[in-house]
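To keep things clear, I will list the structure first and then write my remarks on it.
The values are calculated or read from the model by the stated rules, or taken from the named source; none is laboratory data. Fair warning: this is a prediction, and the values are worked out from it, not measured in the lab. Reconstructed Cβ throughout: ideal geometry from the backbone, glycine too, with neighbour counts over all protein chains shown. Protein only, heavy atoms only, side chains kept; ligands, DNA and RNA dropped before computing areas. Shrake-Rupley method; radii C 1.70, N 1.55, O 1.52, S 1.80 Å.
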Amino acid sequence: MADDLPNKFDVIVIGTGMPESILAAAFSRIGQTVLHIDRNDYYSGQWASFNLEGIEKWQKQVNGEEGLVHPEVDLPSLLKDGEKTQILGLMDNSYSNVKIVFSAKNSDDVGIHEGIGDHEENISKSSENKADKVNIDKDQADNKTKEEGIGKEWLEKPDRELKEEGNKENQDKDCDYTSSTETGDTPVKGESTDTSEEQHTECEASSASTEKEDVEVDSCGTETKMTECEKWTEDKLRREWRRFNLDLAPRLLYCGGKMVELLITSDIAKYCEFKTVTRMLTLLKGKLEKVPCSRADVFSSKEVSMLDKRMLMKFLTFCAEYDKHPEDYQDFADKPYLEYLEHKKLSGNVRHFVQHSIAMVTDKATTAEGLQKTQKFLMSLGRYGNTAFLWPLYGSGEMPQSFCRMSAVFGGTYCLRMTASSIIVDSDNRCTGIINTEGQRIDCRWLIMEQSYAPEGYLHITSQRQLCRCILVTDKSILPTQDSNQLSLLQLPDPNNPDYPTIIMELPSTAMACPQGLYVVHLTKEIPLSHSNPEEALKYAVSSLFAEEGEHSSEKPSILWSLYFTQTFCDNSVPSDSKPDNVIITSGPGVERDLDNTVTEAQGIFENLMPEEEFLPRPPNPEDIIYIDEEETTANQNAENQSDFSSEKTDQSEGKVHRTDQSEGKVHKTDQSDSDVTSEQAENKTAHSEEKHSDSTEQEKSGKSLEQCLTGDEEKNEQKNINIPQESEDKHDKET
Amino acid sequence: MGSLGISSDVKVIDMEGTVVERRKSNGIIPNTAHTNGFLNDSVYTNGIVKSLSTDDFVKKAGGGEKREHLYKILVIGELGTGKTSIIKRYVHQFFSQHYRATIGVDFALKVLNWDADTIVRLQLWDIAGQERFGNMTRVYYKEAVGCFIVFDVTRASTFDAVVKWKSDLDSKVQLSDSSPVPCVLLANKCDQAKEGLVNNANQMDEFCKEKGFVGWFETSAKENINIDDAARFLVNQILTNDKNIRADEEDRDRITLENNRDSSREKEKKGGCCS
């Protein structure tokens, strides 16, 4: 099928992970021919999102089944004088200890945890768990003592009702099906300003669910919508396999970060949709609480005393512009952030909030790092509402794919389940091409490959680190509220191991992560290389937040499905002398929880290779492209006669838009400007928006006022956001 | 939860931070400002939702109200079967012998005045020429509500690949009620000598039934045969589906990083009344 693959490209990119995909898009965008391949039959490599079936296949792949094999080739016939080959490994060896468990049993073995023969995995798991099983009360008591250990001050505060309302309501309702936390609650709650319409829908929903309960009793659920009061079985989860999007490397986007900026400026934003992280949580005294992040939150928070509120406000105000007052923190720059927070006289609670929820740093973090991260968080607040983070719908595995789509739209060639079997190097140690896994020689000028593809000799790995990951599917939220669509983020320090906190992300079904009524929880924790048991490493976090298997807790969510694995990654490496200069190696997902470093990496590589070119400029609007029947032009015929390879290059210098000549017949720019709106109708608007743009950049440079950062006030921030000229609606109008 | 989502602090927000509203189930967007108790600044404008698929919204045009639908339709199939030619013929009314990969554009837009009260905008998504080995990104498939799978009647091998394309489609996208995306099979280049199954209409009907195609058409982009009819047939299917699954689409609070000046102007106008 791939036999009509051309033999020559400007750039071959191996691996469809985040940095590779950004680079593929960037090169295609400026008219370079790009071949983008991946050893897997799915996109995004180590950044992929899978449905339930896909992730089981992935497990098999990791275990070495169904891998690619080296082709049999007649090497001498493919090589030119002086060329030799460097054979590549075809497997990704980053993952180990992969274990998938369906804790949700099928209806006939519910309640009979042992003894049913056809679920061997489950049985071993459940008996394993029996041994560690902790009574829930005792478990909580444990947590309390542990928490006392780290922060005595937290205990000074009287135990309040906190955010239990959700739980209480459920208990009050005394529903037989105890997991009915999500809907059904009467919407008339004190502070809610629900419209009558909404109440109406909610009532409908709850009445619908009561009806369905009845149905459920005899039919055991073939309906997909009835989720609240229903038992989830393995079969039922499997039936809904397509609705899961489970991420190997879940990543958030800082609203004010580089990735968001790049998505906007490159117009790749049109391929993605997001949901906001609606709450930052923290575990205090064994109870989850919502962390006040914005000014509005701080003022309305019941967990923070008046004095603390003032201190926190003052501190955050300072952090938003900390770089303007170096004298305030210079003495502490290299000391731990925690020390600095103490120095600032913040109380224990507030310190905990700032460290774990706002800066999200470990105890080891320096003040400089802590302040920088605190500021980044604050600067991201308010742009898209009262949140600092966005979550890509359908999983963060969508992000590389969005860039791949952009590359393909600009002529990039995509071929999955194909990689380089070997790299061809000439006598000057320059890479001249690859031999792919189908035995075809393909020449290139640059070869970009993700680290796990690179031959060992090309990198001196100076330090390696290890992550353990866990993905859970659960039946309710870790902190249920009236709104079942909360997307929560939480950094949980492990009292036994304070250097390695666990990052926990809970995704509701509206994040397109799972079927309605379920939640997907991602746990990520760095562990020393010597450790190899991810379940052990995450046990504290999992047992603090979730019900043990077999136990039906009315408070804690039950785990229906789980995946554990460990992943090693290279933290630091130096390219070795044997690496050809035109081979570039990109890194896989590391410990970051956002994508901004990846953008920096990709942009750095691109600018290094293509110093004259713009990095992912905005593409032309479709209405700038004028279609002329190709038969009327001779220019095209010429272009046709040239090989792909050389014609691209001639086009390059003329700029990006002319690249389209090659495809749709003639493309004429009606304006010299590169990619902005060019049609006359749109000109006024462009001017208008550019004006705004400059305004806003100034504003940006001078730093957002704290007011903006902390209030989550879109009204003000909006100005900053109205700046990129693009009229999706105008487009439609014109077409009419 | 209804899409007004007032009790949550999540809203549909476009790139400019403007809060827009997704269609209510009755298709009418209230053009009034609501106050969000939490943020105190949210305006649900008569905004345009960027997101594709079954959005329809009411536009005030000279007093009269028209229902508008924006549908994403995929055009897939093997290399050289005439996908781009079909789109060109349908949208731009011309045909060219020269096959070219599609570069720089995601989709072509066709606007249909469906009936007196309905405008249908079709986004026809070409496969970006070179994603040609059948490895489409999910981004491409996402939120499609209809699909054409094209094969070339002169090359039986392109027909053989039809099933592969159909299963790739079904595995990567489905309608919100979990039913498959309606898909029409196009036997293109029917002005030329045919090869294989397509010569037997009964067997083709059978094939379509078996493989889950809602129908098939013999088309020719060159001679302009049946293309409008095929599109009309598919849009009919989509409109029918749309009525059935409408209620499901609602409660997604989404953010697109898209900016949309119209809605922002709207927002500016409204700004005063709720800040």
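Grab the beta carbon distance between A:Glu321 and B:Asp160, set R0 = 45 Å, and tell me the FRET efficiency rounded to 0.05. About 0.10, to the nearest 0.05. At the listed q of 0.13, 0.15, 0.18, 0.21 Å⁻¹, the Debye profile of region A:352-462, built from one uniform point per Cα, gives log10 I(q)/I(0) equal to -0.83, -0.90, -0.99, -1.15.
Peptides A:567-573, A:481-487, ordered by how many other C-beta atoms sit within 10 Å of their residues on average, highest first, read A:481-487, A:567-573. Peptide packing: for A:78-89, A:366-377, the average count of neighbouring Cβ atoms within 10 Å per residue gives the ranking A:366-377, A:78-89, highest mean first.
The length gained by stretching the chain between A:Asp363 and A:Met306 to full extension, at 0.36 nm per residue less their Cα-Cα distance, is 17.9 nm. With a Förster radius of 60 Å applied to the C-beta separation of B:Asp229 and A:His70, the computed FRET efficiency comes to 0.75. Between A:Asp428 and A:Asp331, the distance separating the two model label sites (each 7 Å from Cα on the Cα→Cβ line) works out to 5.9 nm.
Other residues within the sphere of radius under 12 Å centred on the Cβ of A:Glu83, judged by their own Cβ, net out at 0 (K and R +1, D and E -1). For the listed residue pairs A:Lys287/A:Lys539; A:Lys231/A:Lys290; A:Lys258/A:Lys290; A:Lys8/B:Lys172; B:Lys164/B:Lys209, the alpha carbons are over 22 angstrom apart in A:Lys231/A:Lys290; A:Lys258/A:Lys290; A:Lys8/B:Lys172. Between B and A, roughly 8300 Å² of accessible area is buried in total, ligands, DNA and RNA not counted and the probe set to 1.4 Å. The coefficient of translational diffusion for region A:308-391, derived via Stokes-Einstein from the alpha carbon Kirkwood radius under 20 °C and 1.002 mPa s, stands at 167 µm²/s.
Annotation: amide H of A:Leu246 within the under-5 Å range of A:Phe50, A:Asn51, sequence separation 5 or more or interchain, hydrogens built in the peptide plane.
Grab the Cα-Cα distance for A:Thr265 and A:Ser463, subtract it from 0.36 nm times how many residues apart they are, and report the gain in nm with one decimal. Working shown, then result.
Details: separation 198, 0.36 × 198 = 71.28 nm, distance 3.50 nm.
Working it through step by step, the gained length comes to 67.8 nm.
With N counted as the residues of region A:284-438, its alpha-carbon radius of gyration over 2.2 N^0.38 Å works out to 1.57.
Report note on the peptides A:346-357, A:63-74, A:405-416: ranked by the mean count of other C-beta atoms within 10 Å, highest first, their order is A:405-416, A:346-357, A:63-74.
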